[in-house]
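The values are calculated or read from the model by the stated rules, or taken from the named source; none is laboratory data. Predicted model only: the values in this text are computed from it and were never measured. Cβ placement follows ideal geometry from the backbone for every residue including glycine, while neighbour counts extend to all protein chains displayed.
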Amino acid sequence: MQFKILKKSKSSRARLGLIETSHGVIETPCLVPVATQGVVKTLDSKEVEETKSQILISNTFHLHLKPGEKIVEKAGGLHKFMNWRKPLMTDSGGFQVFSLGFGKDYGVGKVLKFFPGKEGEQIREDSQPQNIKIDGNGVTFRSPINGDELFIGPKESMKIQEKLEADIIFAFDECTAPLSDLNYVKRALERTHRWAGMCLKAHSVSGKTRQALFGIVQGSHFKDLREQSSKFIDSLDFEGYGIGGDLGSNKKMMQNILDWTIPNLNERKPRHLLGIGYLEDMEMVIKSGIDTFDCTVPTHYARRGIAFTSEGKINLKQKKFLKKDESLDKDCTCYVCMNYKKNYISHLLKAGEITAFKLLTFHNLCFFNDFVEKIRQKIKRGEI
RNA sequence: UCCGCAGUGGCGCAGCGGUAGCGCAACUCCCUGUUAAGGAGUGGGUCGUAGGUUCGAAUCCUACCUGCGGAG
C-alpha cells in the first residue's frame, strides 16, 4: 500500500490523497461502506461498485464464525470469494469486544446518548462484561451461533485477517465503552498497546507484506490517554492508523478527541476513523484530518426504511409517501432515483418486500458517496 | 319463512355481571469499526340499535337491524 497526499488544506487539517493498493486506487477522503459478512447487505458486488463505493470493510469476527477463514482462503481470498475486485479492509474483531461485551450489557453505543440517565453507571477497573471475558492475552467470546467458546487475541486476529487477504487490516484492540471510568480505560489501553506490538510482530513474521497493517488509537474521551495512545501507536511501525473507541457524548467532544489525537500521528500515513459517518459529522471529521471512515448508517438505515436526501432523512414507511410520485431525491441521479419513485418504494416496504431494502441501500450509498465527493471538491477548490 | 352462529378502536380477535384489553395498522422517537428487515413509546372504542333485569351490563332477557351458515 502507498499513500500519496495530493493537497493539504490551508485552513484545516483536511487533505486530498490517494491510497494505492494492489486492487486499485482510493481517492481520499473516502467513505468505507460496511460489508461485515462479506456482503453489503441486500446488494451484490456489481451493484456496490455502481454506487461508486471505492473500498469496503468486512469483519474478522463474523467471517471467522461463518464460514471460517479457511473456506475464504481456499476460495482464493475474500476479494475472489465475494467477487469484489476493488480494495478491501477487515476490521480486527476489536469492536465486538465492546458490542458483544459492555455495549450489550448496558445497551449503549460508542457515542453515548442521554448521558444524564446513565451518569450513575460506570464501568470500573477489573469489571468484566457478562458474556465475554477480557484478559491480557485476548478475549474469550461466546459464539452467537452455537454458544461455543472462542478465543481471539492479537495473534489469532492477525492469522484470520491474513487468510482473508484484505488489502488493509487492523490491529486487534479493545474498543472501550463510553461508561468506562479512567482506571478501566487505562488498563484497557495498556492491553491495546501491548496487543498492537504483538500484531505487528505476528504480521511481519508471517511475511504477508502485501497487506497494510493499521494500528488503532484508543483512550476513550480522556485527553491524556488519547494523547498517550496516539504517540505510542505512532511510535510503532504501522502503515496507517485507525482511531477507535468511544468518541464522547456530543459532536464537540468528538472533535476534541480528534484534535488530541491526529496532530500526534505521522501525517504521511493514512488515518481511518472507525465507525463514524453521519452526514452531519463528515465535514468536521475530514477537516480534523481523517482520510477514510466506515459507517453502517447508509446501509443500516436503509433497512429501517430511511432514505437520505438533500432535504434530510425521510422514512418511506410513512403512509404519506404512498402518494408521492417523485424520486427519493430531486437532485440525485443514481439508478434508483432515475427509475423508481417514493410511492413504489413505500409500497414495497409496507408489503415486506426485500427489494425495498435493496433500492434504499443503493440510493443511500450513492448519496453518501456523492456527499464525500463534494467535500473532496471543496478541498480541491480550497474552500475547507 | 324457520333454525343456528356472529356483530367490541382502521382490520383481525379476547373478555361473558363490577364501567374494556391483545395483535396488526397509524403516528412519534432511537439506531455511528452491524448480535440488527431491530427496539422504545403514543394516540384511538358511549362494546350493532332500542328497551328491560340488576346496586351495577360488552357480559343476562326481549325486539329489531346487519352479516354468515343450514333447513325449506
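A few notes on this one:
- Hits in segment A:124-159 - residues which are among the small types (Gly, Ala, Ser), loosely packed, with under 15 Cβ neighbours inside 10 Å and either away from RNA strand B (no atom under 16 Å from the Cβ) or within 23 Å of the chain's Cα centre (by Cα) (or both): A:Ser127, A:Gly136, A:Ser143
- Residue within segment A:187-194 that is within 12 Å of RNA strand B (Cβ to nearest atom), within 25 Å of A:Ala35 (Cα to Cα), assigned by TED's automatic domain parsing to the domain that holds A:Leu274 and in contact (Cβ under 8 Å) with a residue 24 or more places away in the chain present: yes
- Selection status of A:Phe321, more than 25 Å from A:Leu6 (Cα to Cα), out of contact with any Gly (no Cβ under 9 Å at 6 or more places or on another chain), aromatic (Phe, Trp, Tyr) and outside the structural domain of A:Ser12 (by TED's automatic domain parsing): yes
- Residue satisfying all of: in segment A:202-255; out of contact with any helix residue (DSSP H, G or I) (no Cβ under 9 Å at 6 or more places or on another chain) and in a loop (DSSP other than H, G, I, E, B); surrounded by the most Cβ atoms within 10 Å (Cβ to Cβ) among these: A:Glu239
- Checked against the criterion of being among the hydrophobic types (A, V, I, L, M, F, W, C) and farther than 25 Å from A:Gly17 by Cβ, the candidates A:Leu274, A:Leu279, A:Leu316 yield just one match: A:Leu316.
- A:Ser99 vs. criteria surrounded by fewer than 22 Cβ atoms within 10 Å (Cβ to Cβ) and among the small types (Gly, Ala, Ser): yes
- So A:Ser346, is it within 30 Å of A:Gly289 (Cα to Cα), among the hydroxyl-bearing types (Ser, Thr, Tyr) and not assigned by TED's automatic domain parsing to the domain that holds A:Glu49: no
- With respect to the stated conditions, A:Gly277 is closer than 20 Å to A:Phe357 by Cβ, in the same structural domain as A:Gln37 (by TED's automatic domain parsing) and within 9 Å of RNA strand B (Cβ to nearest atom).
- Residues of segment A:38-50 satisfying the condition of being within 13 Å of RNA strand B (Cβ to nearest atom) and assigned to a loop (DSSP other than H, G, I, E, B): A:Gly38, A:Val39, A:Val40, A:Lys41, A:Thr42, A:Leu43
- When every residue of segment A:280-298 is checked against the conditions, none turns out to be at positive phi, within 14 Å of RNA strand B (Cβ to nearest atom) and surrounded by fewer than 22 Cβ atoms within 10 Å (Cβ to Cβ).
- Any hit, segment A:132-155, residues being under 30 Å from A:His23 (Cα atoms), small (Gly, Ala, Ser) and without any contact (Cβ under 8 Å) to a residue 60 or more places away in the chain: yes
- Qualifying residue in segment A:51-64 (condition: within 12 Å of RNA strand B (Cβ to nearest atom), in a loop (DSSP other than H, G, I, E, B) and surrounded by fewer than 24 Cβ atoms within 10 Å (Cβ to Cβ)): no
- Hey, A:Gly76 under 16 Å from A:Glu162 (Cβ atoms), part of a loop (DSSP other than H, G, I, E, B) and not charged (D, E, K, R) or not: yes
- Going through (1) crowded, with 23+ Cβ neighbours inside 10 Å; (2) under 28 Å from A:Gln2 (Cβ atoms); (3) of a type in the set (Gly, Ala, Ser) one by one, A:Ser346 falls short only on (2).
- Checking A:Ile169 against (1) touching a helix residue (DSSP H, G or I) at 6+ places or on another chain (Cβ under 6 Å); (2) part of a helix (DSSP H, G or I); (3) modelled with pLDDT of 95 or more, the condition it does not meet: (2)
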